[in-house]
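Student: This is the structure, below, for whatever I ask next.
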Amino acid sequence: MQQFEQFINGKFVKSTSTEVTEVLNPCTEEVLSTIPHGSVEDANNALDAAQNAHHAWKSLPAIQRANYLNKMADVIRENRVFLAKTLASEQAKVIGLAQVEIDVTADYFDYYSGFARRIEGEIIQSDRSKEHIFLHKAPIGVAVGILPWNWPFFVMARKVAASLITGNTCVIKPSCIAPNTIMEWAKMIQKIELPAGVLNIVCGSGPIVGNALSKSPTTGIISLTGSVFAGQKVMEAASANITKVSLELGGKAPAIVCADANLELAVNAIVTSRVTYSGQICNCAERVYVEESIHDQFLEMITSKINDLKVEDAFSENNPDMSALVSKAQLDKVSEMVEYAKKEGAEVLVGGSRSSQFDKGYFYQPTLLTNVKQDMQIIQEEVFGPVLPVMKFGTLDEAIALANDCEFGLTSSIFSENFNKVMHAAEELQYGETYINREHFEAIQGFHAGWKKSGLGGADGKHGMEEYLQTKVIYAQYR
């Protein structure tokens, strides 16, 4: 069993806390590792290391910083199978999908290294003679990244790559549920000789380590991917120093299926969106609105599709569609939400309970619900599990209104062969992302950002990099 330490100032060190947290395999419930239940002192030590390293790091030409990102990508590719197995074991992500996450993470470091020569400012015409106005982009300082458990390795790269290429140093706090892949990678990158203190990784709880990182005056920006509650706590802590926050929070993504949609495409895309990583992705389709005239046909097709899904151990050679949920707490939450939906009158067409085919593990059946209403909890609150409620609608504007009737605004989708309909919906849907005739899954060159309670700021692409830059204006008069 692995016993990880904190990674601070370029080396592994013991935590000042003697407590540890056990990391479990969600399929078998066996203990895989222990991580430090870190302390405020650990957090401050990591911030101090990052602060001390910042001036030298930002002074490096960006192309030299990019070389380190390329080396990080190389290390991932050299160890891609081991890292995928580590990821699958700690989060019950089916091994094929775990491998995708590892490989895309390597691509992400290479992608951001390409921005080294694209950090640009401006020269602005002055109203005065013999004066130039120079607008520079500068690093913020020390960036803190607080990670989720659902895409821990990829989201780590989202925060680390953008931070480092722009000249910031970084402190990362992994999730206590799924830290192993990140900690194993930390061992590997020691060989690339990244300057000490540029990247630090501190394990611990949100209330202790996360809060200490967020409220410190040393921190220049906090980027969190997590729940609305976690985002609120980070904002509270950051407010003392008016620290910049970038938050990717929850989602309750609607999918609208019109009568003129390609139904086979819609069913496949929606089911894929719902059960990828057992529905534990913030941009997954969480509710479906189907036009009345095709409602029954759609239900028949999607019922058949969900009945055919394979649910097995994450390492199964049968290429299952999904595996266990990540924790008992997550299993209990999903179970309770479905049971409450039943009490409110929802009808279960498929699934609707914990899986009985496994002796151990946190398995829940893929579930399809109908006879649901807009004000039900199952329609309004994020489930984060393999549960899909379906409602019918009359007109497209009615569907858009139902989709927008939500406190979240991360992703949405529409299925229609009518160009006017999809463009009207894309214009009116109050979401940071809208997918047309495809599954809910973003590209690294886009901009992943939510509206309303789904967050502030965003990640990926050019705009994701700019989150980690601040603007400095220089007025230069000459004679």
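The values are calculated or read from the model by the stated rules, or taken from the named source; none is laboratory data. For clarity, every value in this text was computed on a predicted model and none was experimentally measured. We place every Cβ from the backbone using ideal geometry, glycine too, and count neighbours over all the protein chains shown. Heavy atoms of the whole protein, side chains included, go into the accessibility calculation; ligands, DNA and RNA do not. Shrake-Rupley method; radii C 1.70, N 1.55, O 1.52, S 1.80 Å.
Student: Let me know the Rg and Dmax you get for region 1-137 when you use only its Cα atoms, in Å.
Tutor: Looking at region 1-137, its Cα Rg and Dmax stand at 21.3, 73 Å.
Student: Quick one: work out the % antiparallel among DSSP beta bridges in the chain, nearest 5.
Tutor: Values: 31 of 71 bridges.
Among the beta bridges of the chain, antiparallel pairing accounts for roughly 45 percent.
Student: Which percent of the accessible area of region 218-305 is formed by carbon and sulfur heavy atoms (probe 1.4 angstrom)?
Tutor: 53 percent
Student: Counting Lys and Arg as +1 and Asp and Glu as -1, each charge on the Cβ, what is the dipole of region 163-280 about the Cα centre in debye, to the nearest 20?
Tutor: 360 debye
Student: Moving on. Starting from the Cα of ALA401, step 7 Å along the direction of its Cβ; do the same at ILE474; then give the gap between the two resulting points in nm.
Tutor: Computed distance between label sites ALA401 and ILE474 equals 5.6 nm.
Student: A follow-up question, please. Please give the FRET efficiency for GLN190 paired with ALA138, using the beta carbon to beta carbon distance and R0 = 30 Å, rounded to the nearest 0.05.
Tutor: Here the calculated transfer efficiency is 0.55.
Student: Turning to a different aspect of this structure: Per residue, how large is the accessible surface of region 185-246? Use a 1.4 angstrom probe and give square angstrom.
Tutor: 39 Å²
Student: Provide the per residue accessible area, probe 1.4 Å, for region 5-112, rounded to a whole number of square angstrom.
Tutor: Values: 4520 Å² over 108 residues.
About 42 Å² of surface per residue is accessible.
Student: Sort largest first and round to whole Å: the equivalent ellipsoid semi-axes of region 156-310, each the square root of five times a Cα gyration tensor eigenvalue.
Tutor: Values for region 156-310, descending: 41, 19, 13 Å.
Student: Next question, about the same structure. Given charges of +1 on the Cβ of Lys and Arg and -1 on the Cβ of Asp and Glu, with all other atoms neutral, how large is the dipole of region 76-147 about its Cα centre, in debye to the nearest 20?
Tutor: Rounded to the nearest 20 debye, it is 80 debye.
Student: A further question on this structure: Where q = 0.21 Å⁻¹, what log10 of I(q)/I(0) comes from the Debye formula for region 246-395, counting one point per Cα?
Tutor: Taken in order of the listed q values, log10 I(q)/I(0) reads -1.40.
Student: Taking K and R as +1 and D and E as -1, what net charge do the other residues with C-beta under 15 Å from the C-beta of LYS328 add up to?
Tutor: Overall, the nearby charge balance is -4.
Student: A follow-up question, please. Starting at 0 and stepping by 5 Å, how many percent of the alpha carbon pairs of region 320-474 end up in each bin?
Tutor: 2, 8, 14, 16, 16, 17, 12, 8, 4, 2, 1, 1, 0, 0
Student: So, one more: Which three semi-axes in whole Å describe the equivalent ellipsoid of the chain, each the square root of 5 times a Cα gyration tensor eigenvalue, listed largest first?
Tutor: After scaling each eigenvalue by five and taking roots: 39, 29, 19 Å.
Student: Sticking with this one: As a quick test, which of the pairs LYS71/LYS187; LYS173/LYS233; LYS58/LYS191 have an alpha carbon distance above 19 angstrom in this structure?
Tutor: Details: LYS71/LYS187 14 Å; LYS173/LYS233 15 Å; LYS58/LYS191 21 Å.
Result: LYS58/LYS191 exceed 19 Å.
Student: Of the accessible area of region 67-115, with the probe set at 1.4 angstrom, what percent is carbon plus sulfur?
Tutor: On the way: 910 of 1610 Å².
Its accessible area is 56 percent carbon and sulfur atoms.
Student: Going by average Cβ density within 10 Å per residue, which order do the peptides 279-292, 202-215 take, highest to lowest?
Tutor: Listed from highest to lowest mean packing, they are 279-292, 202-215.
Student: Using helices alone, I'd like the mean residue ellipticity at 222 nm for the chain: each DSSP H run of four-plus residues gives -39500 (n - 2.57), total over residue count, nearest 500.
Tutor: It lands at -11500 deg cm²/dmol.
Student: Let me know the Rg and Dmax you get for region 275-320 when you use only its Cα atoms, in Å.
Tutor: Rg then Dmax for region 275-320, in Å: 13.7, 41.
Student: Take the Cα coordinates of region 413-479, assign each an equal point scatterer, and use the Debye formula without solvent to give log10 I(q)/I(0) at q = 0.16, 0.18, 0.29 Å⁻¹.
Tutor: -0.68, -0.79, -1.23
Student: How big is Rg to Rh over region 93-233, alpha-carbon atoms, Rh as the Kirkwood inverse-mean-distance radius? Provide the component values of the computation, followed by the final result.
Tutor: Values: Rg = 17.9 Å, Rh = 16.8 Å.
Value, to two decimals: 1.06.
Student: Could I ask something else about it? Carbon and sulfur together cover what percent of the accessible area of region 356-422 at a 1.4 Å probe radius? Walk me through the intermediate numbers first.
Tutor: Details: 1150 of 2650 Å².
For region 356-422, the apolar C and S fraction of the accessible surface comes to 43 percent.
Student: With charges only on Cβ, +1 for K and R and -1 for D and E, what is the dipole size of the chain about its Cα centre, in debye, rounded to 20? Write out the running numbers ahead of the final one.
Tutor: Values: 42 positive and 57 negative charges, 409 e Å.
Computed about the Cα centre, the dipole is about 1960 debye.
Student: Among ALA238, ASN268, CYS258, which residue has its Cα positioned farthest towards the positive end of the charge dipole of region 218-307, with +1 placed on the Cβ of Lys and Arg, -1 on the Cβ of Asp and Glu, and the dipole taken about the Cα centre?
Tutor: The residue sitting farthest along the positive end of the dipole is ALA238.
Student: Between the DSSP loop rule and a limit of at most 14 other Cβ atoms within 10 Å, which trypsin sites (Lys or Arg not before Pro) in region 107-208 are left?
Tutor: Details: sites: ARG117, ARG118, ARG128, LYS130, LYS137, ARG158, LYS159, LYS187, LYS191; in loops: ARG118, ARG128, LYS130.
Qualifying residues, ordered by number: ARG118, ARG128, LYS130.
Student: Please report how far the C-alpha centroid of region 94-154 lies from that of region 269-297, rounded to the nearest whole angstrom.
Tutor: So the separation of the two Cα centres works out to 32 Å.
Student: Something else: Taking the Cα centroid of region 161-224 and of region 445-479, what is the distance between the two, rounded to the nearest whole Å?
Tutor: Here the answer is 21 Å between Cα centres.
Student: Right, next: Once the piece of chain linking SER129 and GLN2 is laid out straight, how much longer is it, given 0.36 nm per residue of separation minus the C-alpha distance between them?
Tutor: Numbers: separation 127, 0.36 × 127 = 45.72 nm, distance 6.65 nm.
Answer, rounded to one decimal: 39.1 nm.
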